[in-house]
Amino acid sequence: MPTPQVKICGLTQVQQAVRCAQMGADALGLVFYPQSPRYVTDGRARQICAALPSRMARVGVFVNETFPNIMRRVNACRLSAVQLHGQEKPEMVTRLRRENIMVIKTLFIENSPPVDRAPDYDASAFLVEWGQGIHPGGNALEWDYGRAQAFGRQHPFILAGGLTPENVIQAVTRALPDMVDVSSGVESSPGQKDLAKVKSFFAALSSCPVHEKTRRIF
């Protein structure tokens, strides 16, 4: 029976990204939002992407960015997917999909856009977060993950927000996601991945009981 796939987000260092890939990540996220403590420049993002194995999904994370700027990063870094983590309108998702780009749209339990807006977006998959905290994402806040389970019955989704090696089993058991997204929960400081924590995260996830209808996002 498959376990949920894993996306490790907020990579800023080449070697840390390579090691996360070697440990079994299915996707790595690069944050192109300048206000984020995990922001990467275009040059650093290209270095990270170039060092990764071809199988690795490379996800660019954007917050209320323009279409031209998103496309520039997609082409420069050969991104596999775009994650829209702000107040983007459904038209932005549709426009990117027309470019044959995989689009992950973030929806929130306690913020906007809410999870009940999913039918408005022609997204490839959805990332679900609680939606509280000072940043659009990456606030390291645990929440009632079971509130996302009903959403997952209808849509392919990635569970995010406050996940750690210590709570991922409970979170997966309650939410039944297709994929989990971890960032601060495996860090020593923002953007600096603690590889021992990454290893512990994978070890914990491998023992998670999962549902038989787990979908593959990547």
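Every condition in (1) within 27 Å of Ala203 (Cβ to Cβ); (2) over 15 Å from the mean Cα position of the chain (by Cα); (3) surrounded by 15 or more Cβ atoms within 10 Å (Cβ to Cβ) holds for Ser189 except the one numbered (3).
Taken over the stretch 53-93, the criterion of being outside any helix (DSSP H, G or I), of a type in the set (Val, Ile, Thr) and under 21 Å from Leu11 (Cβ atoms) is satisfied by Val59, Val61, Val63, Val82.
Just one of the listed residues (Arg78, Arg44, Arg38, Arg72) is over 14 Å from the mean Cα position of the chain (by Cα) and within 21 Å of Ser189 (Cα to Cα), namely Arg44. Where strands (runs of 3 or more DSSP E) fall wholly inside the stretch 143-190, the ranges with 2 or more residues that are in contact (Cβ under 8 Å) with a residue 40 or more places away in the chain and under 17 Å from Asp26 (Cα atoms) are 157-160, 179-182. Among the residues making up the stretch 192-206, those that are hydrophobic (A, V, I, L, M, F, W, C), surrounded by fewer than 18 Cβ atoms within 10 Å (Cβ to Cβ) and out of contact with any helix residue (DSSP H, G or I) (no Cβ under 8 Å at 6 or more places or on another chain) are Ala196, Ala203.
In a residue-by-residue description of the stretch 78-91, the property of being more than 22 Å from Pro177 (Cα to Cα) and free of Cβ contacts under 8 Å to residues at least 24 places away in the same chain applies to at least one position. The residues in the stretch 74-102 that are crowded, with 16+ Cβ neighbours inside 10 Å and acidic (Asp, Glu) can be counted, and the count is 1.
Yes/no per residue for (1) under 18 Å from the mean Cα position of the chain (by Cα); (2) at pLDDT 95 or above; (3) of a type outside the set (Phe, Trp, Tyr):
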residue: Ser124; (1), (2), (3): yes, yes, yes
residue: Gly137; (1), (2), (3): yes, no, yes
residue: Leu159; (1), (2), (3): yes, yes, yes
residue: Met179; (1), (2), (3): yes, yes, yes
residue: Val182; (1), (2), (3): yes, yes, yes
residue: His211; (1), (2), (3): no, no, yes
residue: Thr214; (1), (2), (3): yes, no, yes
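Here Gly10, Gly29 are screened, and the one residue that is at pLDDT 95 or above, on the phi < 0 side of the Ramachandran plot and touching a strand residue (DSSP E or B) at 6+ places or on another chain (Cβ under 9 Å) is Gly29. For the stretch 191-218, the set of residues classified as within 18 Å of Met23 (Cα to Cα) and either touching a Phe, Trp or Tyr at 6+ places or on another chain (Cβ under 6 Å) or free of Cβ contacts under 8 Å to residues at least 24 places away in the same chain (or both) consists of Asp194, Ala196, listed by residue number.
How many residues does the stretch 1-21 contain that are more than 16 Å from Lys199 (Cα to Cα) and of a type in the set (Ser, Thr, Tyr)? Selection size over the stretch 1-21: 1.
The values are calculated or read from the model by the stated rules, or taken from the named source; none is laboratory data. Owing to the predicted nature of the structure, the values given are computational and were not obtained by experimental measurement. Note that each Cβ is placed from the backbone with ideal geometry, even for glycine, and that neighbours are counted across all protein chains shown.
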